[in-house]
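The structure under discussion appears below in the form of C-alpha cells.
Every number in this text was worked out from the coordinates using simple rules, so none of it is lab data. The structure presented is a predicted model; accordingly, all values stated were derived computationally and were not measured. Positions of Cβ are backbone-derived with ideal geometry, glycine not excepted, and every protein chain shown enters the neighbour counts.
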Ligand SMILES: *Cc1c(COP(=O)(O)O)cnc(C)c1O
C-alpha cells in the first residue's frame, strides 16, 4: 500500500506523525481523515484507512483568511494556497500554474436552453487544456514533499497530458499508462513532453488495476490518482473557489459537473463548504448535478434506481475522458447530488455531439466530448424539469475540443469548395 518512499530523518513537524516531512510541507493540512469511518491518520503517502480501508481525504486547521488576501494572490490556483495541501512557497517550485480560467456569461446558450442566467466555467484554458492540470499540480507538490522518484498515472487521456507536462517542467521522471485505443491527439499531447508512455491493451479500468498493483510493488512511485489521491483530489476544490470568487464571492444556485471517477464533483461540494465555513461566502443553498454519457453511466443508473452502491459497467462511448466503468467516488457523487437536491443524468453519443456544436455555435467555445456531455445533460435536465431554469446555473467545460476532433469530424466541413473565381462564389448562394 505504501508506495511513495518517505525520507526517514527525524521530524519535529506538527501533525506529520514523525514521518520526516519538512515543516509546512502540506500547508494548513493537519492530517488524513477516513471518508467512511472518520478515523484520523497522519499526513503521509497513505490513501486508504488503516481501520476500515475507506478512502482518505485531507483535514485542515484553516487560519482566518479574507477575500482581500486571496484577491492579492497570483492569477492561478496558488492564490488559494492556504486552503490547499501545499507549502506556502509552492509558487516558487517548478510546477504548473493552472486555474483562474474564464467564467463566461453564456447568454446565447442560456436563451437557447431556456435558462435565465447561465455561465460556462471554461477549463479548456489550462496549460494542457483540461481541468486535470489543477489536480496534477497538487499531486506534484505532494509527490515532491513525499520524496517520490517517479510521477505516474493511469489515465483516460487528459490526466496523461497533464502528468507528462508537469513532470517535464518539474524535472521528475514520468511514466504514464493509458488504454491503447485513446484519441490520437491525447496520445501525441502526452508523448510530446517526453517521459514514458505505456499503452495497455485493455480498458481504463484494466489500466487502473495494473497501476494499483505497480503502486503496491514499487517504492518511490507516486501515482497521482492512486496513492497520492487524497492530495490530487483537493485540486478540484479550486474550481469551486474560482466560480464563487468570479461571481463576486457567492455560490451559484446550480452547477452541472461531468462525472468520471466522481472526484471532481465531490470536491466542488467540499470547496463550497469550506468557503462557507471560512465566512468567505454566504451560506446559500446550491444543487450539484452530475453528467455522464449513456455508454458509461454507472452513477446515473444508480441514482435513478435509488441505489447507494454503483454497479461497474463496461464503457462504450465517444466520451473517453469520462469512460470509467468502476468510479472510485461514485457513492459519494450519489451522496452529494442527493443531499444538495441535484440529479445525475446521462445522454447518448449523438446528444454529446449535439452538445459540442450547441456550445460552439452559441458561445464560440469548442469543448471536448466531456463538455458535450455536460451541455447535453444540462439541456436534458431542463427539458425533463429536473433543473430549474429560473435559477443561476454554472456548467463546466473541462476540456478542449482540439483533443477530440474526431467526435465531430463528420458534422463539420467547408460550406463549399470552389476555384478562386467570383462567379463560382456567386454560384454557392452565400452572397
Ligand atoms: C477526468 C475528467 C473529468 C472528470 O474527472 P473525475 O474527477 O474523475 O470525475 C471531467 N472532464 C474531463 C475532461 C476529464 O478529463
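Distance between the C-alpha centers of segment 106-125 and segment 306-322? Whole Å please.
Taking the Cα centre of segment 306-322 as reference, the centre of segment 106-125 is 26 Å away.
So what is the relative contact order of the chain, in percent, for Cα pairs below 8 Å that sit 6 or more residues apart? Before the final figure, lay out each step's value.
Numbers: 959 pairs, mean separation 65.9, N = 431.
It comes to 15 percent, rounded to a whole number.
Using a ≥ b ≥ c from the Cα gyration tensor of segment 43-198 (square roots of the eigenvalues), is it rounded, prolate or oblate, where a/c under 1.5 gives rounded and otherwise the larger of a/b and b/c decides, a/b for prolate?
oblate
Rank by packing, highest mean first: peptides 63-72, 183-192, 224-233, with packing defined as the count of other Cβ atoms within 10 Å averaged across residues.
Most protected by this proxy first, the peptides run 224-233, 183-192, 63-72.
What do you get for the angle between helix 237-246 and the principal long axis of the chain? Use alpha-carbon atoms, 0 to 90 degrees, nearest ten.
60
Helix 349-363: angle to the longest alpha-carbon principal axis of the chain, degrees 0 to 90, nearest 10?
80
So if I take the centroid of the Cα atoms in segment 335-388 and the same for segment 130-145, what is the distance between those two points in Å?
27
Rounded to the nearest 500, what is the 222 nm mean residue ellipticity of the chain from helices alone, with -39500 (n - 2.57) per DSSP H run of 4+ residues and division by all residues?
Result for the chain, helices only: -10000 deg cm²/dmol.
Give the angle, between 0 and 90 degrees and rounded to the nearest 10, that separates the Cα long axis of helix 369-383 from the longest principal axis of the Cα atoms of the chain.
Taking Cα atoms only, the helix is inclined about 70 degrees.
For segment 363-417, what does the alpha-carbon gyration tensor say about shape, rounded, prolate or oblate, given a ≥ b ≥ c as the root eigenvalues, a/c under 1.5 as rounded, and a/b over b/c as prolate?
Cα axes put segment 363-417 in the prolate bin.
Give the Rg (one decimal place) followed by the Dmax (whole number) of the chain, computed from C-alpha coordinates and expressed in Å.
21.6, 82
Need one word for segment 143-240: rounded, prolate or oblate. Basis is the Cα gyration tensor (sqrt eigenvalues a ≥ b ≥ c); a/c below 1.5 gives rounded, then a/b vs b/c decides. Present the calculation step by step, with values, prior to reporting the outcome.
Working: a/c = 1.31, a/b = 1.20, b/c = 1.10.
Rounded, since a/c falls under 1.5.
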